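**Q** Quick one: this structure, given as structure tokens, is what I'll be asking you about.
The values are calculated or read from the model by the stated rules, or taken from the named source; none is laboratory data. These numbers come from a predicted model, not from an experiment. Positions of Cβ are backbone-derived with ideal geometry, glycine not excepted, and every protein chain shown enters the neighbour counts. Areas reflect the complete protein model, heavy atoms only, side chains present, ligands, DNA and RNA absent. Shrake-Rupley method; radii C 1.70, N 1.55, O 1.52, S 1.80 Å.
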Amino acid sequence: MVSRVIPVEAFDLVIFGGTGDLARRKILPGLFRRFKDGQIPDEARIIGAARSDMTSEDYRAQVFDALNEFLPISKRDQKALDAFLARIDYVGIDATGTHGWSDLARLMRPGLVQAFYFSVAPALFGDLAKRLHKHKIAGPEARIVVEKPFGHDLTSARDLNATLARHFDEQQIYRIDHYLGKETVQNLMAVRFGNLLFEPLWRNQYIDHVQITVAETVGVGGRGAYYDKSGAMRDMVQNHLMQLLCLIAMEPPARFDPDAVRDEKLKVIRALEPVEPGEVVRGQYKAGAETLSYRDDAENPASRTESFIAMKLHVANWRWNGTPFYLRTGKRMKSRVSEIVVRFKEPPHSIFEEDTGQSANELTIRLQPNEGMDLTVTIKEPGPGGMRLIDVPLDMTFAEALGEEAADVPDAYERLIMDVIRGNQTLFMRGDEVEAAWAWTDPVIAAWEAREEKPMGYEPGSTGPEEALILMHKDGRRWREIGS
Ligand code: BG6
């Protein structure tokens, strides 16, 4: 049981960086899946644009290879592939020069939705925006899609926003944070604001703390040069984890519309307190039996960049005063898990004897793998042994509850690209949100840079440095076991 596929309007979508990794891995396979499901109308066209000169025929062959590489075999239906490829064109274009722009102008069809995906280095955003205008390719309704990293700090993010604002209104700019396109992330809003059950309890009075974990098993090999200048704080916390925190902590928006939702998220970011040095743990993975150390992966023997970070945050407002948010994320960890745990407080008074095992409820929202939620409730242990209490999960694994098709929900990119075509910005970051996130992040990074702090080593396949466990233990709390 999945929702009906409602076709979007016909469009011309130009992918700058059409031969790049993101286009091959995510954008094109995502578009194909939406096409195969009947969401993309026949009149739609996808135009790859990149530096190299080749024919549309050559480009289609490259797209075909990418789809074969990145789509599961069950999705590669030859008839649909042929029909999809027939919708693809290519222009060789020079982002910083004049070559190719009139060819692109000729290909665009007036009257259709126009979208331009900037899947290129942010340094080229300004050049592309300027030329789209100069050659009168992008109309007032055109949409541009940009990817992270959206800046490296507050100053660079402001510059990027200002560059784009010279040619496009905020309503035309779609800043992707692919975590917002994940099924369970949206479900978080449905659960919070579509049920009466949780919202009255969703505050410091009843919630002891929140944990957000995004653990990955992969290292940074292959993208070490980029990653070494970012680290987990810039690569994951400033954007993905921050967005998850916002959705948990925000006030109910008046409507599910782009500005109402984003206004509430912005208030959360602005309410974040500066982080104390003692409340951050940074780590770097060591070499394993068959894996390189972070420093070898990054090819920087003296690197002080963190591949792991854990921290305790405080949202300074009435709702959350006294309820900490613990965040952790890292590479080369024990298993690939993204989840949010909302730990409720224990009941104020126990009517049961001390050794009966009373504990607190826990709501776990699993983003991946095995998307779903579970809520632990305390019940009587069945049997004749008197009143003993145990925690049992009320488990809702989406694939089980909603049928097999629910396991096949669209990938984040598919959903987000369809939202661009529909003109719905709810799941995209607004410029002021991104700037506020950097304004909070910058001083935290500056503090450890000023101390020339080195991250702590941790074993690959572990849960990060010991100190991350201590961060919670010293508050009398503990992380949910990764992969439990
Ligand atoms: C990206 C980061 O934004 O998100 C990567 O740059 C990270 O370092 C990735 O691996 C994680 O995304 P997902 O969807 O696999 O959890």
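**Q** With the requirement that a residue be in contact (Cβ under 8 Å) with a residue 12 or more places away in the chain, charged (D, E, K, R) and within 14 Å of residue 227 (Cβ to Cβ), what does segment 283-307 give you?
**A** Within segment 283-307, 297, 299, 304, 306 qualify.
**Q** Go through 323, 213 for me and flag whichever is touching a strand residue (DSSP E or B) at 6+ places or on another chain (Cβ under 7 Å), open to solvent by less than 30 Å² (accessible area, probe 1.4 Å) and assigned to a strand (DSSP E or B).
**A** Step by step, each of 323, 213 is checked, and only 213 is touching a strand residue (DSSP E or B) at 6+ places or on another chain (Cβ under 7 Å), open to solvent by less than 30 Å² (accessible area, probe 1.4 Å) and assigned to a strand (DSSP E or B).
**Q** If the requirement is being open to solvent by 10 Å² or more (accessible area, probe 1.4 Å) and within 17 Å of residue 76 (Cα to Cα), which of these qualifies: 24, 4?
**A** 24
**Q** Right, here's the next one. Tally the residues that are open to solvent by less than 70 Å² (accessible area, probe 1.4 Å), over 24 Å from residue 191 (Cα atoms) and more than 16 Å from the ligand (Cβ to nearest atom), restricting the search to segment 330-366.
**A** 5
**Q** Let me ask something else. Kindly check whether there is at least one residue in segment 122-141 that is part of a helix (DSSP H, G or I), surrounded by 14 or more Cβ atoms within 10 Å (Cβ to Cβ) and of a type in the set (Gly, Ala, Ser).
**A** yes
**Q** Answer yes or no as to whether residue 102 is in a helix (DSSP H, G or I), open to solvent by 60 Å² or more (accessible area, probe 1.4 Å) and in contact (Cβ under 8 Å) with a residue 12 or more places away in the chain.
**A** Answer is yes for this residue.
**Q** Can you tell me which residue among 302, 310 is of a type outside the set (S, T, N, Q), more than 16 Å from the ligand (Cβ to nearest atom), loosely packed, with under 14 Cβ neighbours inside 10 Å and more than 30 Å from residue 387 (Cα to Cα)?
**A** 302
**Q** In this structure, does residue 275 turn out to be of a type outside the set (S, T, N, Q), part of a loop (DSSP other than H, G, I, E, B), in contact with a strand residue (DSSP E or B) (Cβ under 9 Å, 6 or more places away or on another chain) and surrounded by fewer than 20 Cβ atoms within 10 Å (Cβ to Cβ)?
**A** yes
**Q** Among (1) at pLDDT 95 or above; (2) open to solvent by 10 Å² or more (accessible area, probe 1.4 Å); (3) touching a helix residue (DSSP H, G or I) at 6+ places or on another chain (Cβ under 9 Å); (4) assigned to a helix (DSSP H, G or I), there is one condition residue 251 misses while meeting the rest; what is its number?
**A** (4)
**Q** Of all residues in segment 156-215 being under 16 Å from the mean Cα position of the chain (by Cα) and among the hydroxyl-bearing types (Ser, Thr, Tyr), which is nearest to the ligand (Cβ to nearest atom)?
**A** 179
**Q** Could you please find all residues in segment 463-484 being in contact (Cβ under 8 Å) with a residue 24 or more places away in the chain and within 23 Å of the chain's Cα centre (by Cα)?
**A** Within segment 463-484, 463, 464, 468, 479, 480, 482, 483 meet the criteria.
**Q** What are the pairs, 6+ residues apart or on separate chains, where a residue within segment 370-383 that is in contact (Cβ under 8 Å) with a residue 12 or more places away in the chain and in a loop (DSSP other than H, G, I, E, B) has its Cβ under 7 Å from a residue that is among the acidic types (Asp, Glu) and open to solvent by 30 Å² or more (accessible area, probe 1.4 Å)?
**A** From segment 370-383, the pairs are 371/183.
**Q** Quick one: which residue in 23, 44 is in contact with a Ser or Thr (Cβ under 7 Å, 6 or more places away or on another chain), among the small types (Gly, Ala, Ser) and at pLDDT 95 or above?
**A** Answer to the selection: 23.
**Q** Scan segment 227-240 and give yes if some residue there is in contact with a Gly (Cβ under 7 Å, 6 or more places away or on another chain) and away from the ligand (no atom under 16 Å from the Cβ), otherwise no.
**A** Checked against the condition, which is being in contact with a Gly (Cβ under 7 Å, 6 or more places away or on another chain) and away from the ligand (no atom under 16 Å from the Cβ), segment 227-240 yields no hits at all.
**Q** Also: Those residues that are open to solvent by less than 10 Å² (accessible area, probe 1.4 Å) and within 18 Å of residue 423 (Cα to Cα), I need them from segment 9-21; list them, please.
**A** 11, 12, 13, 14, 15
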